[in-house]
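Asker: What follows is a structure written as structure tokens; I'll ask about it next.
The values are calculated or read from the model by the stated rules, or taken from the named source; none is laboratory data. Because the structure is a prediction, the values reported are computed rather than measured. When we count neighbours, we look across all protein chains shown, and the Cβ atoms used for this are built from the backbone with ideal geometry, even at glycine.
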Amino acid sequence: MTPLTYRIAPEIFALYPGYCRGVVVARGFTNGPSTPAVTALLREAEAALRQRITGNVAEVPEIAAWREAYRRFGAKPAEHRSAIEALARRVLKPDALPAINLLVDIGNLVSIKHLLPAGVHPTDALQHGLALRLAAEGDLFAPPDGGPAETPPAGEVVFADGTSVLTRRWTWRQAANTQTLPDTKGVFFNIDGLPPTHRDTVQAATAEVAALVQAHCGGEVLAVLLDARNPGFSLG
């Protein structure tokens, strides 16, 4: 696996105090269709979410925090919903989320269980250091629909591999060629928490992702919690 360096830029913590991110790195696993056990956990999480949210999704504190964060960097949250808001709205229609594969389904079930964004990316093609930071000159994003490359505006929070933006608007949309597939050799999960989500909730969700991957996919799994005191790590 390509040596992995990962950091969260200081300005993210300065602009969004209390933010933290759990990262789970996995390799040597077996991915594939979800097992009945993982699918059952996903359905349980969906049912619990429908009981938890009975009013306006946008007013749920954990989701409202992301809407406010998006406004602060110039995004319109009604047009560009954070990953957790988009996922929650889909579950509350109510729709059963499709079973995609073990790794993606694990991310989704933990996301809706803890009401926080959780995305999974492949590590196979990474070439540069990973960073959650503000957009910079030269950054490019390849839309998943195959459209022309986009240049994120200054101030937007992006997750990037060098100048290649992997996720726009913090947790909004992943780039083309970032799908986790059956033959993917390595992945990392990002699990995000903004106040009022407590650090302990993010830590618990991160540990749960790691445990589920280990139990259902095997391989080598590493879990790290990043915050202002511990903003990065490297893994050979």
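Asker: Assess whether F188 counts as being surrounded by 21 or more Cβ atoms within 10 Å (Cβ to Cβ), of a type outside the set (A, V, I, L, M) and closer than 19 Å to T123 by Cα.
Answerer: Yes: the conditions hold for F188.
Asker: Here are the criteria: (1) buried (at least 21 other Cβ atoms within 10 Å of the Cβ); (2) assigned to a helix (DSSP H, G or I). Tell me which single one A204 does not satisfy.
Answerer: Result: A204 passes all but (1).
Asker: If you don't mind, there's one more thing I want to ask. I'd like the residue in the range 159-179 that is among the β-branched types (V, I, T) and surrounded by fewer than 22 Cβ atoms within 10 Å (Cβ to Cβ) and, out of all such residues, is nearest to the chain's Cα centre (by Cα).
Answerer: My answer is T178.
Asker: Looking only at helices (runs of 4 or more DSSP H) that fall completely inside the range 1-98, which ones have 3 or more residues that are more than 20 Å from N190 (Cα to Cα)?
Answerer: Fully inside the range 1-98 and qualifying: 36-52, 61-72, 83-91.
Asker: Same structure again: How about the range 2-31: which of its residues are touching a Ser or Thr at 6+ places or on another chain (Cβ under 9 Å) and either exposed (fewer than 15 other Cβ atoms within 10 Å of the Cβ) or of a type in the set (S, T, N, Q) (or both)?
Answerer: T2, P3, T5, N31
Residue-wise test of (1) at pLDDT below 95; (2) crowded, with 19+ Cβ neighbours inside 10 Å; (3) within 13 Å of the chain's Cα centre (by Cα).
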site	(1), (2), (3)
E59	no, no, no
Y70	no, yes, no
K76	yes, no, no
R89	no, no, no
A96	yes, no, no
L103	no, yes, yes
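Asker: (1) closer than 30 Å to E220 by Cβ; (2) at pLDDT 95 or above; (3) crowded, with 19+ Cβ neighbours inside 10 Å: which one isn't true of S34, the others all being true?
Answerer: (2) is the only condition that S34 fails.
Asker: Further, regarding this structure: If the requirement is being within 25 Å of A40 (Cα to Cα), surrounded by 14 or more Cβ atoms within 10 Å (Cβ to Cβ) and modelled with pLDDT under 95, which of these qualifies: G129, G119?
Answerer: Unique residue meeting the criteria: G119.
Asker: Sticking with this structure for a sec: For the range 137-155, which positions are in a loop (DSSP other than H, G, I, E, B) and surrounded by 15 or more Cβ atoms within 10 Å (Cβ to Cβ)?
Answerer: D139, A142, P152 - these are the residues of the range 137-155 that are in a loop (DSSP other than H, G, I, E, B) and surrounded by 15 or more Cβ atoms within 10 Å (Cβ to Cβ).
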